[in-house]
Amino acid sequence: MAAAATCGTGAGSTASVASAASKSKVTSFQRRGPRASGTDSGGLRLVSIAGTRPSVRNGQLLVSTGLPALDQLLGGGLAVGTVLLIEEDKYNIYSPLLFKYFLAEGIISGHTLLVASAKEDPADILQELPAPLLDDNCKKELDEDVCNHKTPESNVKMKIAWRYQLLPKMEQIGPVSSSRFGHYYDISKRIPQELIEASNWHGFFLPEKRSSPLKVESCSLTHGYLKLLQFIQNIIYEEGFDGSNPQKKKKNILRIGIQNLGSPLWGDDICCTENCDNSHSLTKFLYLLRGLLRTSLSACIITMPTHLIQNKAIIARVTNLSDTVVGLESFIGSERETNPLYKDYHGLIHIRQIPRLNNLICDESDVKDLAFKLKRKLFTIERLHLPPDLSDTVSRSSKQDLAESAKLLGPGCGMMAGGKKHLDF
Amino acid sequence: MFPELNNLLNITPDRAEQGKLTLLCDAKTDGSFLVHHFLSFYLKANCKVCFVALIQSFSHYNIVGQKLGVSLTSARERGQLVFLEGLKSSVDVFFQANEEPHPLQFLREAKPGNLQPLFEFVREALKPEENGEAAWRCPVLLVDDLSLLLSLGVGAVAVLDFVHYCRATVCWELKGNMVVLVHDSGDAEDEENDILLNGLSHQSHLILRTEGLATGFCRDVHGQLRILWRRPSQPTAPRDRSLTYQYKIQDKSVSFFAKGMSPAVL
């Protein structure tokens, strides 16, 4: 009886809801716009800032690293307020690419940039950023943003197949609009000058800052790190990224890029000797930087030549102080360059650490064997595939065995394994 | 808190022991879930907690705490929780040079200093009420984590001195508990960290050591937890009882099982 009564009231309430809905003509279908506010993350109100999106796991605000493949491996993107540490490859060929992707993504999304380097002038770094791959609609959008008077280049009207003019030009991989999260870039082209000029960026070039006086008395931080820290804190405070300036009408993200941190050019000697006097300088800098980032809307990428650091303990401490750590290992100069197993790839990429923010768990990818390849236009990250070994002597127990069997194919076949049967005619 | 871990350790919020130093140690994995466990455990046990959180921000612990059933903001408001947020305070200490003593004053110094201001802060936070009535049960000091102090230029001996002073005050004088987290660097040959870890291992009553699996990454088993009881209260009880479990961390809890008995395998 009671059950029927409750069912009755239940049905009655749903009926009343349905009737109310039909009266107000509100359907349950709600289109999810770009301003979809956050998940059940306990009062964390997400502002709709261009180029960011909330994480599906905990509502944390994420920015793209510039490489959609890397975003996916890091669990959706780089969390705002964290540090991405890139352990440089041996000859520093591929890590500047990741650095440039990060900065280019910032320019396309309209974020403010802060580029710090001890080796290159930040203006030169920005000139070398890759050009984005955009479709026709947002090219016009960007042109209007940049300069109102410039006429679009491709103004050719189609007379016969005029319907095709409305379709976006699909010449490259993945045409995306500028308001999306994560873009593709063409490394063979440079970013258009207007985009750089329209963006808001700050540069820190260490040789220019040598002589200016210090505001804080020198503690154990190296001079270069101290100046950089003060510079970053200044920018964050003056431009209101830490919420201190309530007059700012639109919130934005500050993207900080620090190149070759820890190298001798910054005045630090951890890459030179094993027992250095100032071994705490770098770790202290990272801790204070983390404090600055956590209290502001910013994300930071740091490339560090960890292969040069003699003291392994410092590498472990630096890893603990960074949030996300990605290591690049290129095959250049090692015996793997000529190994037929790795012929399709230029190096390995290791995701060493992913942070657990606001959560007990993190989105760790199951794939641990990742390799990267620098094609003519793109930098791709793929799962490491072993080529199929179709020779007669197949032993798949280990990669070394495969390499051995490849060598057994004989010098006439060259160094190509797989697909070449050992047939004598 | 994780009820399964409470069962393994044989403790409940009602019958928390007193005067104990618990060492949390992680090697090649992230042992911070234990910090969240003990934080929520002692808050639920109605103890006064002083949390020296150096590695993450307050909102991080708060959001995870809400998943585990405690609210850090309300605990802080009613005075049960004294929270030292290392990241925010370090920026204040470093960039605004004023002369008053601050718990993280060692950041300003060029030479590695001692942690006396930090100890004063802890002592001030956990001292009993003047009027004599005990609103809370035993005081608890929680530190996350101590290895970070080594990265900031403090020597291992200074950190051990700090732990010794805190033990004398919190564990012996105020009959409270201490829980500290130290990273084990493993084969990274961090001598200072090894000194700290060995020194603390000898002093502590309970050691919870999380390690990654020897075989590498596994989706269903996130690691191994080794529980070591030292210094039992009864002299007749066997010394140094040790148990090993494997665990899997989920969104709001951690499940523990015996080695090889993961539900994914069975």
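Points worth noting:
- When every Cα-Cα distance of the range A:238-307 is counted in 10 angstrom steps from zero, the calculated P(r) takes the values 17, 41, 25, 14, 4, 0 percent.
- In terms of overall dimensions, the range B:1-76 has a Cα radius of gyration and Dmax of 12.4, 34 angstrom.
- Extent along principal axes [Cα atoms of chain B; Å; largest to smallest]: 62, 46, 41
- The range A:233-282, relative contact order [Cα under 8 Å, separation at least 6], %: 18 percent
- Entry note, chain B: relative contact order of 24 percent, from Cα contacts under 8 Å with a spacing of 6+ residues.
- Calculated FRET efficiency, B:Trp172 to A:Leu265, Cβ-Cβ distance, R0 = 56 Å: about 0.65 to the nearest 0.05.
- Cβ-Cβ FRET estimate between B:Glu4 and A:Arg180, R0 fixed at 30 Å, reported to 0.05: 0.10
- Difference of contour (0.36 nm per residue) and Cα-Cα distance, A:Glu194 to A:Glu337: 47.5 nm
- The relative contact order of the range B:1-72, computed from alpha carbon pairs under 8 Å that lie at least 6 residues apart in sequence, is 35 percent.
- The GNM of chain B, with springs linking C-alpha atoms under 10 angstrom apart, assigns the highest mean-square fluctuation among B:Ala75, B:Ala135, B:Ala188 to B:Ala188.
- Among the protein heavy atoms of the range B:43-186, carbon and sulfur supply 50% of the accessible surface, probe 1.4 Å, non-protein parts ignored.
- Taking label positions 7 Å along the Cα-Cβ direction at both A:Asp369 and A:Thr319, the computed distance is 2.1 nm, reported to one decimal.
- Chain B and chain A together bury an accessible surface of about 3500 square angstrom, both sides counted, with a 1.4 Å probe and no ligands or nucleic acids included.
- Within the shell of other residues whose beta carbon sits under 13 angstrom from the beta carbon of A:Ser64, the net charge comes to +1, with Lys and Arg scored +1 and Asp and Glu -1.
- For the range B:1-135, the alpha-carbon coordinates run over 47, 47, 26 Å along the three principal axes, in decreasing order.
- Which of B:Met178, B:Met1, B:Met261 is most accessible, then next, and so on - probe 1.4 Å: B:Met261, B:Met1, B:Met178
- Tail beyond 18 Å, pair distance distribution of the range B:60-196 (Cα, percent): 62 percent
- Measuring r between the beta carbons of A:Arg210 and B:Thr215 and using R0 = 51 Å, the FRET efficiency lands at 0.50.
- Gaussian network model of chain B, springs between alpha carbon atoms under 10 Å - residue of B:Phe256, B:Phe121, B:Phe94 with greatest fluctuation: B:Phe94
- Each DSSP beta bridge with both residues in the range A:245-372 is either parallel or antiparallel, and the antiparallel ones are about 65%.
The values are calculated or read from the model by the stated rules, or taken from the named source; none is laboratory data. These figures come from a predicted structure and were not determined experimentally. For neighbour counting, all protein chains shown are included, and Cβ atoms are generated from backbone atoms with ideal geometry for every residue, glycine included. With ligands, DNA and RNA removed, areas are computed over all heavy atoms of the protein, side chains included. Shrake-Rupley method; radii C 1.70, N 1.55, O 1.52, S 1.80 Å.
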